[in-house]
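Working notes, structure below.
Please treat every number below as a calculation from the coordinates, not as lab data. Given the structure is predicted, the values throughout are model-derived calculations rather than measurements. Quick reminder, even Gly has a Cβ in these numbers, built from the backbone with ideal geometry, and neighbours come from all protein chains shown.
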Amino acid sequence: MTRQDETAPEHISDKLMIRDLQAATDSSEVFFSARELSLENMRLSVPSRGDFFDRKSILSFELDGVDVLRVSMCDLPVTVGRGERVDCRLDVEGISRVHCRLERVGGLVRLCDAGSKNGTRVNGKEIEMQDLCEGDTVQIGTACLRVRRM
């Protein structure tokens, strides 16, 4: 097996990166190792998801092409549901009083289910917590909302 096969981005483990960087530090191959284990390869080895939204971004959640919910990154965290005490009220069948929460994690927008009866889905997959990307479909109750950056 060649060195390139061992360090393909989908096969890099933290342990392997640390071992190779330590070995390179102990030898004269520091620059070779740093180039081979580039930041891009390290980034690809860590499962991550979510688009970066700057502080001035506004997220629009569309239902059948119509904005039903707009949230500014500055306003996060917010709760979404059909109850009187949520930050963003959506009166749609199947939505719990406090259904989910949107929060900011750095430049990411994280959607968290708040223990809702019918659950929260992103792109058809039931989630407890998920970082959002523009174009994602969020299903809460019977509403399928499309995430859009304004």
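Here are some notes:
- Percentage, to the nearest whole number, of Cα pairs in region 111-150 over 13 Å apart: 45
- Counting Lys and Arg as +1 and Asp and Glu as -1 over every other residue whose Cβ lies under 11 Å from the Cβ of Gly65, the net charge comes to -1.
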